[in-house]
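> Mind looking over this structure? Questions follow.
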Amino acid sequence: MRQWWKWSIYAGSIAAFIGSASFTIYCAWKVYAYHQPGKEAAEEAENNAYHFVLVPEELDNDYWRLVEQGAKAAAKETRVSLEYVGPRQANMDEHIRILEKAAASKVDGIMTQGLTEKEFTPVINHIVEKNIPVVTIDTDAPTSKRTAYIGTDNYYAGFIAGRALAEDMRGKANVAIITGSLTASHQQLRVQGFKDAVKKEKGIRIVAIEESHITRVQAAEKAYSILKKHPEVNAFYGTSALDAIGIAKVIEQFHREKETYIIGFDTLPETIHYLRKGTIHATVVQEPYEMGYRAVKMMVDILNGKNVPSVTNTETKVIRKQDLPLRPARNYEVEHD
Ligand code: BGC
């Protein structure tokens, strides 16, 4: 009798062990299968109506992360699968190669910048000839066959930066400009608008102009060498998102915060930090989230045969410390995943 009890306890424990082990294996398999990125992405792409590609000039840039976030939000609402691909560091040749690659794959629409008419118009036209519509974003290539542009009026943005500097410096300043690129058209337009805005100011001199290649390190290096060569410089204008940040770092190192004015572009967290501190005095606000969001919606409209305006300019304004919102808004902070 005792033997019988013993065996049934053994058998019961073995059955319980097998049962719980298979349940654990089943659950683990479910979790594994659920987290297979390839499968999930493939399923998502299959269920989605369209497949778009967004190609920024620099992937790991907080400004472009905001564009990406806006585009992703719109993609979710419109059942679009969205790919965000581009050069890790700004590089026009690589940018063009990525566009050509996107055109060779079967995508329904491409959103990108028209950085220069000379290099970008042929590649945009080539994509359009393959029946893939292109929406330019942030920087236009107006003579290309792109269907629409959405973004800042870059000349106007430079112009209001020039007016703000002239006003804040009461018409007297020795200015150095640090621009993201001497050849890209959004940067050229921002410099031209600025120059035109200060043209009539007798007391404003533009002493130097240098290129940062869209990096805060090079913006800092250029600010440093300008100050060494031209100690009379008492105002800086940075024309892309990372320039004023690099300039501010150097101004603090030189302890020249009190006698140097800085105006930059965009509202990245570091820009806001220096603006609150008073090292940066003013910045031109753009609407990167809005650009991404509306570009995706526009592309869906184009594919659905609706008419879209050829040019849509998003809001651009200059803000100073006193204009900062009390709480961050979506154009002011980047949410990292
Ligand atoms: C420009 C972008 C550029 C970024 C670089 C922004 O001000 O609008 O085109 O890529 O700066 O940091």
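The values are calculated or read from the model by the stated rules, or taken from the named source; none is laboratory data. This is a predicted model, so every value here is computed, not measured. Using ideal geometry, Cβ is built from the backbone for each residue, glycine included, and neighbour counts are taken over all protein chains shown. Quick note on the areas: whole protein, heavy atoms, side chains included, nothing else; ligands and nucleic acids left out. Shrake-Rupley method; radii C 1.70, N 1.55, O 1.52, S 1.80 Å.
> Quick one: A235 ticks every box in (1) in contact with a helix residue (DSSP H, G or I) (Cβ under 8 Å, 6 or more places away or on another chain); (2) within 16 Å of the ligand (Cβ to nearest atom) bar one, so which box is it?
(2)
> Go through (1) more than 13 Å from the ligand (Cβ to nearest atom); (2) part of a helix (DSSP H, G or I); (3) under 20 Å from A71 (Cβ atoms); (4) not aliphatic (A, V, I, L, M) for G292 and report which single condition fails.
Here G292 clears every test but (1).
> Next question. Sort out which residues of the stretch 263-279 are touching a Phe, Trp or Tyr at 6+ places or on another chain (Cβ under 9 Å) and without any contact (Cβ under 8 Å) to a residue 40 or more places away in the chain, and write them in order of number.
Passing the criteria: G264, T271.
> Could you list all residues from the stretch 147-179 that are in a loop (DSSP other than H, G, I, E, B) and within 16 Å of the ligand (Cβ to nearest atom)?
Of everything in the stretch 147-179, those that are in a loop (DSSP other than H, G, I, E, B) and within 16 Å of the ligand (Cβ to nearest atom) turn out to be T152, D153.
> Continuing with this model, one more query. Within the stretch 210-232, track down each residue that is within 16 Å of the ligand (Cβ to nearest atom) and open to solvent by less than 10 Å² (accessible area, probe 1.4 Å).
Within the stretch 210-232, S212, A219, A223 meet the criteria.
> While we're here: So for the stretch 181-190 (the condition being of a type outside the set (S, T, Y), in contact (Cβ under 8 Å) with a residue 40 or more places away in the chain, within 18 Å of E210 (Cα to Cα) and more than 16 Å from the ligand (Cβ to nearest atom)), does at least one residue qualify?
Taking every residue of the stretch 181-190 in turn, none turns out to be of a type outside the set (S, T, Y), in contact (Cβ under 8 Å) with a residue 40 or more places away in the chain, within 18 Å of E210 (Cα to Cα) and more than 16 Å from the ligand (Cβ to nearest atom).
> Counting residues that are open to solvent by 10 Å² or more (accessible area, probe 1.4 Å), which strands (runs of 3 or more DSSP E) fully inside the stretch 233-289 reach at least 1?
261-265
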